[in-house]
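Okay, structure first, notes after.
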Amino acid sequence: MDYISVKELAELKGASVQSVNKLIRNGKITAEQRLHPKNNQLCSMIPIDNLPENLKEKYYRQKNKELGLLPELKEQPDSPGNGSGKVKKQKKPVNIRALDSFTEDERRQIAFWTDTVKEWQACRSRFKRKTDADVPFCGKVKLENPDIDISPDILYRKYNAYLNNDLEGLVDKRGGWNRGQSSVQQQVFDIFTSYWLTENRLSVENCYGKTVAVVREYYPELAAEIPSSRTFSREIKRQLSAAVIACGRYGDKRFMDEFVHHAERQYENLRPNDCWIGDNHRLDFFTMSDDGRIHRPYITTWEDAKSGIITAATLCDNPSADTTLLSLREGILSGYGLPAAVYLDNGSEYTAGDVAGRGHRATKDWLKEERPKTILSILEIAVTNAQVRNAKAKNIERFFYTFKEHYSKSMETYCGGKPDERPHDLNKLLKDGVIMTDEELREIIPVFVRGYNSEKYGGKERRYRNMSRIAVWNEAVMNGDIQFRTSDAENLNLLMMRITGYQEIKRNGVYVMIGGKKVWFKDENTVHHVGEEVYVRYDPSRLQYVNVYDRATDKFLYRYPNASDLLNMDFLGADEESIQRLVQSQNRTKKEVKKLLEAHRSFDAVSALRAEILRAQQNSEGYQIAKPDKFTPVMADELKPEGMEITQVKIADIQKMTAFHEKMKGA
């Protein structure tokens, strides 16, 4: 901080030393007892920052003049009556600073630009048309100082700062001296980020335009301070972290995948077949389907989490619960046995209620509902569903990448996973019929899978670094490190049958929903089991029959054949043969029930009335009415004898009375 003595302040004010001392004594001017820099004597020194603005500006003007940096300005009249008839335009306030407050580098810049604008003005004075000197002069300065950014506009700005005693204006603020500061008002920047930090991903220029419009409408006092859009770009880098940008502009998934901490999976305690990872991958090339369509098929794949081998890769048109089971069955029958657990995502093909349960898709109502065991629980395979939208949790993605790079890109009908990967000649190849069929592809996929399994193990366990994936799996099997469970095709056909929910046997039998329609199954004996609580297991590829199981005991009950031909009939225009066949079936059922009914009615020796009398007689054996020894008779007054005393009355013998009654009936 700069200080001046009482004498210097008196000269600056144009007043006497006595008047300045009086102001100090009255507390109107703050002074401190300090050593004078010239004679090292203790005296009253006044801080420059405590002076009024007009005195402060006058002090710095004099000091800069002494240093030869700025010119002495002519005094301008304060009123418009200066003979020109024009009102003087007010200048923008200038932050007056002493040269000592600048750094050494900034002082060098001030000296450079002071000399440059003086030389520029001297150069312009030699030209009749002064603006003709601007461009050549800039070229001369640039040639002498290649690192200096200079143009006529910059010269005019520097000259304006020179004339206004604005030392800060002579400093190049782009050199990093103001790093960590900003010329953007925080409130204005907050308005800008409210548009920029959205998943619409608006450009900086777009958000800048919106910000300017909003500030002008609602915060006009801030409008004059809005810098250029480039300043906002720099402010983004200064204030916003990459994590905030990822979350705001790209969503939670990018943010979670790239910035949020995660647990490292430990594989040391995992064994082969402890867990299989299931997923689907859409192939990046076109093939010809079995029904003659050009399409991009999928492969439903299972990978052993420990060794990284692919146990199954099954081609399908669209993934579904059926293709999931088919692929799992293929992996089991290929010699890899049954896994102890599976790790699945939350696609509908893995969250069918009868296959593995609903996973993260389970609703409260579904959880409350009582349901049969799932297929994987019957196979004693535990199920874990991945966290929603967390594809990186599954290592099988590495196989899909390898499949694309080494196989898909080798196909002539390669189309890529994104539009910019699509070859230009693809349409011509498809038109010319240069395309592989699904049947041919099914024969090639196992070859590629075996080659992938034979490649070097790429997991995290160092002890397997020089082994192939299949060697890692084989070592555990041969050493007995795993409980190897297996099954044959016939048992798997039964164990992996699809399962319906609980239902009652209706008069049309039991049903399975196929393609949104009820497919009914029944036989001639179904009529005798209507109302029973059961569930149904079926093979989607063979719907000739279904197995019916008891709800309470899970015991197999019946095998019902498909009754669609009999029970499914058009609402209008049903053919006579179908109607006749239905009527005949109904009559047979009725005849069979009638036959059983007659068999149950064959006993006719005693009528229903006689049987009821017999039942009444058998129930009334030993029937009697008891009375106490003493009782009070109820009699009319005129019939009541005088002096009558009741002692004991014997109870009547009902059997004798009944025998007498029967005897009298026959008389």
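Coordinate-derived values only; no laboratory data. Note that the coordinates shown come from a computational prediction; the quantities given were computed from them, not determined experimentally. Note: ideal-geometry Cβ built from the backbone for every residue, glycine included; neighbour counts use all protein chains shown.
For Thr363, Thr287, Thr198, which order do you get if you count the other beta carbons within 10 Å of each Cβ and list the fewest first?
Thr363, Thr198, Thr287
Based on the Cβ-Cβ distance of Lys7 and Gln187, what FRET efficiency does E = 1/(1 + (r/R0)^6) give at R0 = 45 Å, to the nearest 0.05?
0.40
Below 13 Å, Cα to Cα, which aspartates and glutamates can Lys210 reach? Residues fewer than 8 away in the same chain don't count.
Excluding near neighbours in sequence, the set is Asp190.
Between Asp279 and residues 5 or more places away or on another chain, which pairs have amide H atoms under 5 Å apart, with H built 1.01 Å from N, and which residues are they?
Distant-sequence amide H within range of Asp279: Thr301.
Could you calculate the FRET efficiency of Val212 with Ala243 from 1/(1 + (r/R0)^6), where r is the beta carbon distance between them and R0 is 35 Å, rounded to 0.05?
0.80
What does the convex hull of the Cα atoms come to per residue for segment 234-330, in Å³?
Dividing the Cα hull volume of segment 234-330 by its residue count gives 173 Å³.
Past the 31 Å Cα-Cα mark, which pairs from Lys428/Lys456; Lys306/Lys404; Lys373/Lys418; Lys253/Lys418?
From Lys428/Lys456; Lys306/Lys404; Lys373/Lys418; Lys253/Lys418, over 31 Å: Lys428/Lys456; Lys373/Lys418.
Can you tell me which of 152-158, 130-136 comes out highest on packing, and rank the rest after it, using the mean Cβ neighbours within 10 Å?
152-158, 130-136
Classify segment 188-268 as rounded, prolate or oblate from the Cα gyration tensor: take a ≥ b ≥ c as the square roots of its eigenvalues, call it rounded if a/c is under 1.5, otherwise prolate when a/b beats b/c and oblate if not.
Prolate is the answer for segment 188-268, as a/c is 1.5 or above and a/b outweighs b/c.
Using only the alpha-carbon atoms of segment 498-595, report the extent along each of the three principal axes, biggest first, to the nearest angstrom.
41, 37, 19
Residue-wise, which Karplus ³J(HN,Hα) couplings in Hz belong to segment 20-31, taking 6.51 cos²θ - 1.76 cosθ + 1.60, θ = phi - 60°, and x for glycine or proline?
These are the phi-based 3J(HN,Hα) values: 5, 4, 5, 5, 5, 5, 7, x, 7, 10, 8, 10 Hz.
So for the pair Glu598, Asp432, with labels modelled 7 Å out along Cα→Cβ, what separation do we get in nm?
Modelled inter-label distance: 7.9 nm.
Using 7 Å Cα-to-Cβ label points, what is the Glu638/Asn493 separation (nm, one decimal)?
Computed distance between label sites Glu638 and Asn493 equals 10.1 nm.
Would you please classify the overall shape of segment 480-522 from the alpha carbon gyration tensor, given that a ≥ b ≥ c denote the square roots of the eigenvalues, rounded means a/c under 1.5, and beyond that prolate means a/b larger than b/c while oblate covers the rest?
Prolate.
Run the numbers for Lys630 and Asn466: contour at 0.36 nm per residue of separation, minus the present Cα-Cα distance, in nm.
Separation in residues times 0.36 nm, less the Cα-Cα distance, equals 47.8 nm.
Could you tell me which of the pairs Lys13/Lys38; Lys13/Lys158; Lys555/Lys591; Lys56/Lys130 are separated by over 25 angstrom between their Cα atoms in the structure shown?
Checking Cα-Cα distances, Lys13/Lys158; Lys555/Lys591; Lys56/Lys130 exceed 25 Å.
Only four residue types carry charge here, +1 at the Cβ of Lys and Arg and -1 at the Cβ of Asp and Glu. Report the dipole size of segment 443-587 about the Cα centre in Debye, rounded to the nearest 20.
960 debye
State, to one decimal in nm, how far the label point of Gln544 lies from the label point of Ser620, with both points 7 Å from Cα in the Cβ direction.
6.6 nm
Rounding to the nearest 10 and keeping the result within 0 to 90°, find how far the Cα-based axis of helix 242-258 lies from the longest principal axis of the chain.
Between the helix axis and the principal axis of the chain, the angle is about 30 degrees.
Relative to the longest principal Cα axis of the chain, at what angle does helix 654-666 sit, 0 to 90 degrees, rounded to 10?
60 degrees
Once fully extended, how much extra length lies between Ala605 and Leu163, figured as 0.36 nm per residue of separation less the alpha-carbon to alpha-carbon distance?
145.4 nm
Rounded to the nearest 500, what is the chain's calculated 222 nm mean residue ellipticity when only DSSP H runs of at least 4 contribute -39500 (n - 2.57) each, over all residues?
After summing the helix terms and dividing by residue count, I get -11500 deg cm²/dmol.
For Cα pairs less than 8 Å apart in space and 6+ apart in sequence, what is the mean separation divided by the residue count of the chain, i.e. the relative contact order in percent?
Relative contact order comes out at 7 percent.
Given R₀ = 45 Å, FRET efficiency for Asp172-Ile24 by Cβ-Cβ distance, to 0.05?
On the way: r = 41 Å, r/R0 = 0.91.
So, using R0 = 45 Å, E works out to roughly 0.65.
Could you list Tyr250, Tyr60, Tyr162 in order of exposure, starting from the residue whose Cβ has the fewest other Cβ atoms within 10 Å?
Ascending Cβ contact count within 10 Å gives the list Tyr250, Tyr60, Tyr162.
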